[in-house]
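See structure below.
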Amino acid sequence: MRFSILVLLSIIKFNFFSYSQSVQVTAFDESDYKKIAGVHTIGFHHSSYNHNAKDVRVFLVEGKYWLFPAVGLRFGGNTKMESVPSDIEMFKKENHYTFNIDQVGTYTFNISTINPTNNLNDLLYVIYKAYDPSVRKDIDSFSYTALDKQKISSDNTDKQYSVIYFAGRMDLIERDQIESLNNLKTKFDMVQFICMFKETEAELIPFKEETNFNWSIIPSVNSRELTKYQIGKLLSEPSIYLVDNNLNKIIYHYYGVYNLPMVLTKALKEIQ
């Protein structure tokens with residue numbers, strides 16, 4: 001699973017800077033850490049074998065974190081924590097660590113492994129952060145032209161809510177979830193369902209015909225537009241937002257695709 005993470009550091013009390021990391025979780029089963037850390041977590045930092053036994057400085061904001069090794073690696077076995085910042089209390093679990101950050105800053109980690117690899121870009125470890133899916137955010141009204149040329153907007157619809165799914169790329173749509181996602185449209189008639197892709201119309205038409213995906217598909221979405229819907233200081237692809245069209249407000253957000261139909265069904269039932 002690949003995530004492209006934009007971490008907005010606007011929670012800092014002064015006007016600092018935006019920090020961006022691309023988290024490529026290669027050969028890492030998303031369900032492994034979701035089952036432990038919960039579904040409301042997001043990849044915040046990753047390190048590869050290039051960082052093996054080296055001091056790595058990681059910028060962290062306040063919150064709860066989990067540190068997991070990549071598949072095939074085990075803390076206390078072939079992988080160990082050489083050093084961590086003295087002001088962070090790390091709690092060792094079966095094969096991961098948990099910790100809290102109380103103050104925004106840069107922290108240095110040194111993790112080593114004796115596990116061999118032929119690719120120094122292979123994943124060594126990932127740091128995940130918890131987020132609050134119920135944090136609300138005011139947004140501008142939106143209007144887009146869908147693949148079928150229909151206008152999709154928040155202020156010219158009889159639907160009270162919109163689900164906006166920033167899938168990013170077609171290959172980030174889980175094919176075995178499409179039937180469940182299609183069923184949502186029949187179950188929740190007060191919601192308009194929108195899915196945004198970077199691909200062009202010509203690329204998306206065969207995809208729609210092949211999958212029968214029944215959401216309104218928006219082609220050629222510029223990634224810069226995504227920042228309009230940032231919330232909770234984090235933004236990733238794939239991510240999903242539940243918008244109250246009457247209030248122009250995001251009322252729920254979720255990152256990733258793990259158990260997405262189930263998670264979204266639960267969120268929609270709560271607003272009925």
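Residue 227 meets the conditions (1) in contact with a strand residue (DSSP E or B) (Cβ under 8 Å, 6 or more places away or on another chain); (2) in a loop (DSSP other than H, G, I, E, B); (3) more than 19 Å from residue 180 (Cβ to Cβ) in every case but one. The failed one is (2).
Test residue 152 against the stated conditions and say whether it is among the β-branched types (Val, Ile, Thr), in contact with a helix residue (DSSP H, G or I) (Cβ under 8 Å, 6 or more places away or on another chain) and open to solvent by less than 80 Å² (accessible area, probe 1.4 Å). Judged against the criteria, residue 152 is not a match. If the condition is being touching a strand residue (DSSP E or B) at 6+ places or on another chain (Cβ under 6 Å) and hydrophobic (A, V, I, L, M, F, W, C), then the stretch 230-268 contributes 231, 234, 235, 240, 242, 243, 250, 251, 263, 267. If you go through the stretch 163-192 and keep only what is under 19 Å from the mean Cα position of the chain (by Cα) and in a strand (DSSP E or B), you end up with 163, 164, 165, 166, 167, 168.
Scanning the stretch 126-139 for residues that are out of contact with any Ser or Thr (no Cβ under 9 Å at 6 or more places or on another chain), in a loop (DSSP other than H, G, I, E, B) and not hydrophobic (A, V, I, L, M, F, W, C), we see that the one that is surrounded by the most Cβ atoms within 10 Å (Cβ to Cβ) is 133.
Take residue 106 and decide whether it is surrounded by 15 or more Cβ atoms within 10 Å (Cβ to Cβ) and among the polar types (S, T, N, Q). Considered against the rule, which asks whether it is surrounded by 15 or more Cβ atoms within 10 Å (Cβ to Cβ) and among the polar types (S, T, N, Q), residue 106 comes out as no. Restricting attention to the stretch 67-91 and to residues that are open to solvent by less than 20 Å² (accessible area, probe 1.4 Å) and aromatic (Phe, Trp, Tyr), the residue that is nearest to residue 33 (Cα to Cα) turns out to be 68. Looking at (1) touching a residue at least 24 places away in the same chain (Cβ under 8 Å); (2) surrounded by 13 or more Cβ atoms within 10 Å (Cβ to Cβ); (3) under 27 Å from the mean Cα position of the chain (by Cα), which is the only condition residue 57 fails? All conditions are met except number (2). Considering (1) part of a loop (DSSP other than H, G, I, E, B); (2) farther than 23 Å from residue 249 by Cα; (3) without any contact (Cβ under 8 Å) to a residue 24 or more places away in the chain, the lone condition that residue 214 does not fulfil carries the number (3). Taking the stretch 188-204 as the range and being under 11 Å from residue 170 (Cα atoms) and surrounded by 15 or more Cβ atoms within 10 Å (Cβ to Cβ) as the test, the residues that pass are 195, 196, 197, 198, 199, 204.
List every residue pair whose Cβ atoms sit under 7 Å apart, with the two residues 6 or more apart in sequence or on different chains, where the first one lies in the stretch 222-250 and is on the phi > 0 side of the Ramachandran plot and open to solvent by less than 50 Å² (accessible area, probe 1.4 Å) and the second, anywhere, is of a type outside the set (Val, Ile, Thr) and modelled with pLDDT of 85 or more. If the second residue must be of a type outside the set (Val, Ile, Thr) and modelled with pLDDT of 85 or more, the pairs left are 232/131; 232/132; 232/253; 248/138; 248/140; 248/141; 248/154.
Results for (1) among the basic types (Lys, Arg); (2) touching a helix residue (DSSP H, G or I) at 6+ places or on another chain (Cβ under 9 Å); (3) farther than 13 Å from residue 133 by Cβ, shown as yes or no for each residue.
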position: 244; (1), (2), (3): no, yes, yes
position: 250; (1), (2), (3): no, yes, no
position: 263; (1), (2), (3): no, no, no
position: 267; (1), (2), (3): no, no, no
position: 270; (1), (2), (3): no, no, no
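Residue count for the stretch 258-272, restricted to those that are of a type in the set (Val, Ile, Thr) and surrounded by fewer than 18 Cβ atoms within 10 Å (Cβ to Cβ): 2. What do you reckon, is residue 157 assigned to a strand (DSSP E or B), open to solvent by 40 Å² or more (accessible area, probe 1.4 Å) and modelled with pLDDT of 90 or more? No, not satisfied. As a summary of the residue check, residue 172 satisfies the conditions (1) over 30 Å from residue 59 (Cα atoms); (2) modelled with pLDDT under 95; (3) buried (at least 16 other Cβ atoms within 10 Å of the Cβ) except for the one numbered (1).
The sole residue among 123, 147 that is touching a residue at least 40 places away in the same chain (Cβ under 8 Å), touching a helix residue (DSSP H, G or I) at 6+ places or on another chain (Cβ under 9 Å) and open to solvent by 20 Å² or more (accessible area, probe 1.4 Å) is 147.
The values are calculated or read from the model by the stated rules, or taken from the named source; none is laboratory data. Keep in mind the model is a prediction, meaning the values are calculated, not measured. Cβ atoms come from the backbone with ideal geometry, glycine included; neighbour counts cover every protein chain shown. Quick note on the areas: whole protein, heavy atoms, side chains included, nothing else; ligands and nucleic acids left out. Shrake-Rupley method; radii C 1.70, N 1.55, O 1.52, S 1.80 Å.
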